[in-house]
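First up is the structure itself, then whatever we jot down about it.
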Amino acid sequence: MNLPLYSMIRTLRSSEEVILYARLLRISAEDEAATLEFLQSEYASESREYPGEAPAFDADAARWAAHTLYIAAQVLLYREHKSADLPALLPAYEGNTDAAALLSADLCLRFLPDVLQQLQLIDPLDPLNNLLLTHLQHWHYSGLVLHETPEDADLQPVLHNPCLKQLYINRIITCRRKKTALLPGLEPAVRNALGIYDEVFWPGFNTRTEL
């Protein structure tokens, strides 16, 4: 059975390695269905460890994220496409980016920073850099793996969903995103999570620096 998208996403989720199983951009309905079924199962499994009640799985966001990661990896490896083709190959998401979408897309998008970093090593001037960076700035929960949350990011889905908010705080601490941690809507929760052990979990967090 030739299911390159499913095979790549499954390998990525299990071993954190990007392996392309075919030189194909077009994804079959069968491949997409198998990938979505797998991602929904992964979400159900992962969300058992989430704090509080997890949002429902958002199939549209998960589908878009899987496509984005797959196409980005294809373009990175084979590099046969013109700059003008990139927006059509890697379009922006057209749905709502609420808590369910942010968490469902993150099943794949948390690995997109690795693709971007590899691309920057190969060709820092490649237009694909800016396109992937734009996606990660919009999907800022996944983008925390690479950089601070943009100042103009919409944090309302985070602040209004207790489950996502705690996961967001956890990732801020794990990734040491100090500028994001000190945003007014997030700082009290970050300090509460660190508690009296702030110098253990985040050495230097309370040291004043120019941000």
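In the range 84-92, is there at least one residue being over 15 Å from the mean Cα position of the chain (by Cα), modelled with pLDDT under 90, surrounded by fewer than 18 Cβ atoms within 10 Å (Cβ to Cβ) and closer than 20 Å to Arg10 by Cα?
no
What single numbered condition from (1) out of contact with any Ser or Thr (no Cβ under 8 Å at 6 or more places or on another chain); (2) under 18 Å from Tyr78 (Cβ atoms); (3) not in a loop (DSSP other than H, G, I, E, B) fails to hold for Phe38?
(2)
Before we move on, is Trp139 touching a Leu at 6+ places or on another chain (Cβ under 9 Å), more than 30 Å from Asp58 (Cα to Cα), in contact (Cβ under 8 Å) with a residue 24 or more places away in the chain and buried (at least 18 other Cβ atoms within 10 Å of the Cβ)?
Considered against the rule, which asks whether it is touching a Leu at 6+ places or on another chain (Cβ under 9 Å), more than 30 Å from Asp58 (Cα to Cα), in contact (Cβ under 8 Å) with a residue 24 or more places away in the chain and buried (at least 18 other Cβ atoms within 10 Å of the Cβ), Trp139 comes out as no.
Would you check if Glu30 is in a helix (DSSP H, G or I) and touching a residue at least 12 places away in the same chain (Cβ under 8 Å)?
Criteria met by Glu30.
Just to be sure before I move on: is Ala101 loosely packed, with under 13 Cβ neighbours inside 10 Å, out of contact with any Lys or Arg (no Cβ under 7 Å at 6 or more places or on another chain), assigned to a helix (DSSP H, G or I) and at pLDDT 95 or above in the structure I sent?
Criteria not met by Ala101.
Within the range 176-186, how many residues turn out to be assigned to a helix (DSSP H, G or I) and either touching a residue at least 40 places away in the same chain (Cβ under 8 Å) or surrounded by 14 or more Cβ atoms within 10 Å (Cβ to Cβ) (or both)?
The number of residues fulfilling the criteria is 3.
The values are calculated or read from the model by the stated rules, or taken from the named source; none is laboratory data. Small disclaimer: the values here were computed from a predicted structure and weren't measured. Neighbour counts run over all protein chains shown; Cβ positions are idealised from the backbone, glycine included.
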